[in-house]
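No lab work stands behind these numbers, since they all come straight from the coordinates. None of the values given here were measured: they were computed from a predicted structure. Neighbour counts run over all protein chains shown; Cβ positions are idealised from the backbone, glycine included.
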Amino acid sequence: MSGLVVDFSLDLPGFRLSVAERFAPHGLTVVFGPSGSGKSSLLRVIAGLEGGAEGSVCFNGQTWQGPGRHVAPHRRAIGYVFQEARLFAHLSVAGNLAYAERRARKAGRVPDRAAIVAALGLDGLLTRRPSGLSGGEAQRVAMARALMSAPRLLLMDEPLSALDDAAKGAILPYIEAIRDGMQVPVIYVTHSVSEVARLAHHIVMLEAGQVRRAGPAQDILSDPAAAPAFGIRAAGSVLRAEVLAHHDDGLSELAVAGGRLLVPGFAAAIGTRVRVRIAAQDVILSRQRPEGLSALNLLEGELTDVRRGQGPGVMVRLRMGPEQDVLARITQRSARALSLAPGQRCFAVIKSLSIAPLDVGGSGSD
């Protein structure tokens, strides 16, 4: 049996963490949920760092935890990236990597040091000490050190939570490089919807210690029923796109199902596949093709779902192409005025500058 399979319970202050889940055997799985939902405790159980859990943890057919059995954390071949870098202050960057490499080789595993250093962009940092690194640089070293242990599974516990938006924007491409190039399954904990949209192949949603929803990221992110779990203001969808051009006015042009998108300029080669997150609250709907607007983006699709909430809002889903949806959050009054119903053709109007730099990134493999 490939991949990670967990079935355990753990008593935590105020609630019981109970997870019975088969994680995807490849790609990056995001464990998403509010603070205090049990995300970090789930990682600690998987890593063997939480002694009070009752049940089983198995990976690729090997039982790490079960009745009468508990494999020590260092024997599970897990790489762990914490919220803080936790580097050895007395060692250089090269020394921190060498420490992890020695432990891997002692266990019979051989990391690809050159590939890891290149993927994390560490060539110019190897002689420096942790005290001379920025927060983002330190986290890149921490990720490289985890990979230098040649792990069979990589756990990442909110590695960007201590960084500002600029540092997050700089480090996200390196996490995408790990996801796409290191051939190791990743379980990534976050409560940031932007990180989910940028990184996830699969999503496991936790709330109060229970799995509320799990499945492919594309399905969950585009499901109006999942919007409350992400937060109504943070809810949105992700489109797969291809870079067509970079224009002199600072905008980049992307091809997507349903049309083309102009977004704030970013560095990527023509032809690169990317993901674009579009917040539902930034989408305006029209039953007819609008004219004379300042908004540059107009996508046409078929209305497939109109979900009314308890308040004044409605979440609407437009199908742009196979497994390509856009969510729009409008008022119930607008939905009535437009007489919205499934099966109608509609236009989604999106301002270019509403798409933040953190919301455009590498596509990964589906």
Computed Rg/Rh for the stretch 188-232 (Cα atoms; Rh = Kirkwood radius) stands at 0.90
Per-residue ellipticity at 222 nm attributable to helices in the chain (runs of n ≥ 4 DSSP H, -39500 (n - 2.57) apiece, nearest 500 deg cm²/dmol) works out to -6500 deg cm²/dmol
Checking rank on 162-172, 30-40, with mean other Cβ inside 10 Å and highest first, the result is 30-40, 162-172
Magnitude of the Cβ-charge dipole (Lys and Arg +1, Asp and Glu -1) of the stretch 300-366 about the Cα centre, nearest 20 debye, reported as 480
Mean Cβ-within-10 Å packing, highest first, puts peptides 126-135, 97-106, 253-262 in the order 253-262, 97-106, 126-135
Reduced to Cα centres, the span from the stretch 154-189 to the stretch 100-153 in Å works out to 14
Of 79-88, 225-234, ordering from highest average Cβ density within 10 Å down gives 79-88, 225-234
In nm, the gap between the two label points placed 7 Å beyond Cα toward Cβ at TYR99 and ALA118 is 2.7
The size of the Cβ-based charge dipole (Lys, Arg +1; Asp, Glu -1) of the stretch 35-190 about the Cα centre, to the nearest 20 debye, is 740
For the stretch 149-249, the percent of all C-alpha pairs falling in each 5 Å bin, from 0 up to the bin holding the max distance, is 2, 10, 19, 22, 20, 15, 7, 3, 1, 0
Whole-Å distance linking the alpha carbon centroid of the stretch 267-319 with that of the stretch 201-259 is 12
Between the residues SER252, ALA279, PRO228, the Cα farthest towards the positive end of the dipole of the stretch 206-361, that dipole coming from +1 and -1 charges on the beta-carbon of Lys, Arg, Asp and Glu, is from PRO228
Per the chain, sqrt(5λ) over the Cα gyration tensor eigenvalues, sorted largest first, in Å, gives 39, 26, 16
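Hey, got the dipole for the chain? About the Cα centre, +1 on K and R Cβ, -1 on D and E Cβ, debye to the nearest 20?
On the way: 41 positive and 33 negative charges, 138 e Å.
It works out to roughly 660 debye.
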With x for Gly and Pro, the residue-by-residue ³J(HN,Hα) of the stretch 187-195, computed from phi through the Karplus equation 6.51 cos²θ - 1.76 cosθ + 1.60 at θ = phi - 60° and given in whole Hz, is 10, 10, 8, 7, 10, 9, 5, 4, 5
Out of SER56, ALA107, ILE175 - ranked by how far each Cα lies towards the positive end of the dipole of the stretch 4-221, with unit charges on the beta-carbon of charged residues - the top one is ALA107
Here, HIS90 and ARG273, labelled 7 Å along Cα→Cβ, have an inter-label distance in nm of 4.8
